[in-house]
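Peer 1: Could you have a look at this structure, given as structure tokens, before my questions?
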Amino acid sequence: MKKKILLSLFLLVSIAGYSQKVTGTFSLPESEKFLDLKWDWSKAIIDKKLTEKEWATVVGEKTWEEAKHEALLLIAREMNEKLANSRIMIVSPENDTKTACTLYITPLEYEKKGKNVSQYILVDNKTGEQIGMCETYGIGGKIGSVGNLLGDGYEEAVRRIAGVLRKYNKIRK
């Protein structure tokens, strides 16, 4: 019992002590208000051992693709709610609007319950140059479908990355 309490306390302190790391700037060009949002799972380690391709085999390719799509729509919607009073609007992943910049969500570590550590990389679409990078985490959920847990994992992280975007881009009145 004492070991479980100590382990729980250690995990809580570890999560609380994790600070987001921001490099570069998250400033969009002044005339630009639309921001594209995309996944990049190329660096992900899932459940401490699997690549995205291996994970898709475990949960089913179609299930995984649908989960990622639904989660990206949810993330875009949540970010737009958090950015409502700013000059930025996340373009729906289903829309082909041309944007000056893309925000890539790059999971580094992902657990099946949705807990994750991810980088949010802002890229200039014309030059391919990285403008800024923020690394943060999401806690995840307890029970649900693959898509539900994926969305739960990014719910808290959305609040953090929206805060970074608001900080670097003036609020429109």
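Peer 1: Could you check the simple spin-label distance between His69 and Lys167, using points 7 Å along Cα→Cβ, in nm with one decimal?
Peer 2: A separation of 3.5 nm, rounded to one decimal place.
Peer 1: Taking only DSSP H segments of four or more residues, each worth -39500 (n - 2.57), what value at 222 nm results for the chain once the sum is divided by all its residues, to the nearest 500 deg cm²/dmol?
Peer 2: Counting only the DSSP helices, I get -13500 deg cm²/dmol.
Peer 1: Between Thr23 and Leu108, what is the label-point separation in nm under the 7 Å Cα-to-beta-carbon projection?
Peer 2: Output for this residue pair reads 1.0 nm.
Peer 1: With each label point set 7 Å from Cα along the Cα-Cβ vector, what nm distance links Lys142 and Leu50?
Peer 2: 2.3
Peer 1: Considering amide H positions built from the backbone, and no H for Pro or chain starts, which residues 5 or more places from Gly132, or on another chain, come under 5 Å of its amide H?
Peer 2: Placed amide hydrogens put Thr25, Leu122 under 5 Å from Gly132.
Peer 1: Charges only on Cβ, +1 for Lys and Arg, -1 for Asp and Glu: so what's the dipole of the stretch 89-173 about the Cα centre, in debye to the nearest 20?
Peer 2: 460
Peer 1: Shape verdict for the stretch 71-140, please, from the Cα gyration tensor: rounded (a/c under 1.5), prolate (a/b greater than b/c) or oblate.
Peer 2: Since a/c reaches 1.5 but b/c is at least a/b, the shape of the stretch 71-140 is classed as oblate.
Peer 1: Moving on. Could you name the aspartates and glutamates in cross-link range of Lys53, using Cα to Cα under 17 Å and dropping any fewer than eight places away on the same chain?
Peer 2: Answer for Lys53, where 17 Å is the Cα cut-off: Asp40, Glu61, Glu65, Glu66, Glu109, Glu111, listed by chain and number.
Peer 1: Within the stretch 137-153, list the residues whose amide N lies under 16 Å from a label point set 7 Å along Cα→Cβ of Arg77.
Peer 2: So the set is 145, 147-153.
Peer 1: Under the definition of Cα pairs under 8 Å and six or more residues apart, what whole-number percent is the relative contact order of the stretch 41-173?
Peer 2: Rounded, it is 27 percent for the stretch 41-173.
Peer 1: With all protein chains present and a 1.4 Å probe, how do Met133, Met79 order by accessible area, largest first?
Peer 2: Greatest to least solvent exposure: Met133, Met79.
Peer 1: Of all the accessible heavy-atom surface of the chain, with the other protein chains kept in place and a 1.4 Å probe, what percent is carbon and sulfur?
Peer 2: C and S atoms contribute 56 percent here.
Peer 1: Now for a separate question. In terms of solvent-accessible area of protein heavy atoms at a 1.4 angstrom probe, what is the ranking of Ser42, Ser118, Ser31, Ser92, highest value first?
Peer 2: Ser31, Ser42, Ser92, Ser118
Peer 1: Set the bar at 32 Å for Cα to Cα. Now go through Lys33/Lys112; Lys49/Lys126; Lys82/Lys112; Lys98/Lys142 and name every pair that lies beyond it.
Peer 2: Violating the 32 Å limit, Cα to Cα: Lys33/Lys112; Lys49/Lys126; Lys98/Lys142.
Peer 1: Mind checking the angle between helix 61-82 and the chain's longest principal axis? C-alpha axes, 0 to 90 degrees, to the nearest 10.
Peer 2: Between helix and principal axis, roughly 60 degrees.
Peer 1: Considering the chain as a Gaussian network with a 10 Å cut-off on Cα pairs, which listed residue, Tyr137, Tyr104, Tyr154, attains the greatest mean-square fluctuation?
Peer 2: The residue with the greatest mean-square fluctuation here is Tyr104.
Peer 1: Now, a different point. For the stretch 104-109, in order, what is each residue's ³J(HN,Hα) by Karplus, 6.51 cos²θ - 1.76 cosθ + 1.60 with θ = phi - 60°, in whole Hz (x at glycine and Pro)?
Peer 2: Residue by residue, the stretch 104-109 yields 8, 8, 10, x, 9, 10 Hz.
Peer 1: Sort Thr97, Thr136 from largest to smallest accessible area, using a 1.4 Å probe on the heavy atoms of the protein chains.
Peer 2: Thr97, Thr136
Peer 1: Shifting gears a bit: Given a 1.4 Å probe and the protein chains all in place, what does the accessible area of Lys62 round to, in Å² to the nearest 10?
Peer 2: 150
The values are calculated or read from the model by the stated rules, or taken from the named source; none is laboratory data. Computed from a prediction, not measured in an experiment: that's the story for all the values here. All Cβ positions, even for glycine, are placed from backbone atoms using ideal geometry, and neighbour counts span all protein chains on display. Please note that ligands, DNA and RNA were not included when accessible areas were found on the heavy atoms of the full protein model with its side chains. Shrake-Rupley method; radii C 1.70, N 1.55, O 1.52, S 1.80 Å.
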